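Only the coordinates and a few stated rules stand behind these numbers; no lab work does. For clarity, every value in this text was computed on a predicted model and none was experimentally measured. Cβ sites come from the backbone with ideal geometry, for glycine too, and all protein chains shown count toward neighbours.
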Amino acid sequence: MLDQQIALRWINQNVKAFGGDPAKVTLFGESAGAASIVAHLIAPASQGLFANGILQSGSLDNKWSMDTPEHAYDKSMQMAALVGCNLSTSVSENIDCLRKAPVEKFTEQLWNIKLNFLEFPLVTVSRDNGFFSKEDAFSALRAGRLNKDVNIMIGINHDEGYFWLIYNIPNYFGSQDQPQLTREQYRECIDQAFASHSLVVREAAANVYADQACEQGSPSNFYAEQINQMIGDYFFTCDSIWLSDLFAQNDYPGNVFIYYFDQPSSANPWPKWTGVMHAYEIEFAFGVPLYNTTANYTSNERSLSRKMVQYWSSFAKTGRPAISNPSKSEIWPQYTKDNRKWLYLKGGKDEIKAIDHRKETECKMWRSARDIEYQLFVQAASQYRPTTLLLLPLVLCFAVYLRN
């Protein structure tokens, strides 16, 4: 994160020499790259270094993107033990041991740390004084203590969950054939993915996404799809919606725009049932269907990609996404507390259009679960004595637009 911050400062100081405008810098990130942008919204030293942020399928309070100091310390000590450090010594001695350990040991042992579902070994720490100053990032997000002058474009994909289910629950989701689950198997998947949550939370999730009235009577792709939506909502989508609401409901100066991407790719080698997974909007935003002539993209896909490139570029330049000569349905509505509209993105005639916001019931349930998590964090933090912690943020697809 500090490396990114230094790069942003350099851009701010030097971009004029390259024909750019330091007042029109746009950060563009997907997944952990999107989470990084939110971190820069909070970090005091990043204030004023960018005007717009494009956040594709990610936010800083995604469960996988940031650790509490306590959890980061636990993982750091696990790593110390795995590379052969003597845990009976002081923390400073363990840190010294970790610094001296051969990098090969780290790469060999990194994924032997005990992790929950969709958790990574080393991520940003919420109370990193070197980056967030004296702020705790979890508390800052809840209280709205962040840069409010940045325009943000936030994105959600239809099938955010399947990608992670394929790797984490392969016995049900690792086949070419569309998954067919019974209700019992549906519950088994919930228990596995949300093992760190209480039974009350798991019961609530099971019933919100498929109550008893939804009983299929036999194995069905319905339950697999509900697990897909559940994983996507908890680990990605709801946090993006909450960040959007934080800006919109409080009338922050920054404008908010939300898209819902629902276009499968003809170039995707995965089974069709995987749909529009996490990160699968990237090829369209970068215009791949426009220049890749061997992947058999359809005319609808090329048209959608052309318009997405225009939306993204326009937002980077002006803080508002627009395309040339739009139809009425293709005008992207600003997301406000009085007009909670998203832009639906799919190839085909009249498929780009404003839609009502979604996921309200699901995200209310997950917000209640997060409230419990946050209270436990606050209680633990009041008893915690900070130490130097490992910090290695995961950054995927983090880029900078420089527009004049």
The chain, helix-only ellipticity at 222 nm - DSSP H runs n ≥ 4, -39,500 (n - 2.57), divided by all residues, nearest 500: -13000 deg cm²/dmol
For segment 111-125 versus segment 240-309, the gap between their alpha-carbon centres in whole angstrom: 28 Å
Residues in segment 53-91 reached by a label modelled at residue 100 [backbone nitrogen below 17 Å; 7 Å Cα→Cβ]: 80-91
FRET efficiency for residue 86 and residue 203, using Cβ-Cβ distance with R0 set to 51 Å, rounded to 0.05: 0.70
Relative packing of 265-273, 74-82, which averages over residues the other C-beta atoms within 10 Å, highest first: 74-82, 265-273
Among 102-115, 340-353, 229-242, 291-304, the order from most to least packed when residues are scored by Cβ within 10 Å on average: 229-242, 340-353, 291-304, 102-115
At q = 0.08, 0.14 Å⁻¹, base-10 log of I(q)/I(0) for the chain (Debye sum, equal scatterers on each alpha carbon): -0.46, -1.38
Centroid-to-centroid separation of segment 16-81 and segment 358-379 [C-alpha atoms, Å]: 22 Å
Cα gyration tensor shape of segment 82-123, rounded if a/c is under 1.5, else prolate or oblate by comparing a/b with b/c: prolate
Largest-first principal axis extents of the Cα set of segment 224-363 (Å): 48, 40, 23
Considering only the chain, percent of DSSP beta bridges that pair antiparallel, nearest 5: 30 percent
Ordering of 185-193, 126-134, 83-91 by packing [mean C-beta count within 10 Å, highest first]: 185-193, 126-134, 83-91
Nearest-20 debye value, segment 251-367 charge dipole, Cβ charges on Lys, Arg, Asp, Glu: 140 debye
Extended-chain gain in nm, criterion 0.36 nm per residue less alpha-carbon gap, residue 139 and residue 222: 26.2 nm
Computed magnitude of the charge dipole of the chain (debye, nearest 20; Cβ of K, R +1, Cβ of D, E -1): 1260 debye
For segment 172-292, size of Cβ-based charge dipole, Lys and Arg +1, Asp and Glu -1, in debye: 200 debye
Top positive-direction residue, dipole computed over the chain with Cβ charges, set 12, 269, 116: 12
Too-long pairs where the Cα-Cα distance tops 25 Å, listed order kept, from 317/341; 148/317; 63/364; 63/346; 114/134; 337/364: 63/346; 114/134
Full-stretch length increase - residue 7, residue 329 - with 0.36 nm per residue and alpha-carbon distance subtracted: 112.1 nm
Extension gain from residue 250 to residue 349, taking 0.36 nm per residue of separation minus the Cα-Cα distance: 32.1 nm
Stokes-Einstein D (µm²/s) once Rh is taken as the Kirkwood radius of segment 5-136 over alpha-carbon pairs, at 4 °C in 1.567 mPa s: 77 µm²/s
Rounded FRET efficiency, nearest 0.05, which uses the C-beta distance separating residue 191 from residue 16 and R0 of 51 Å: 0.35
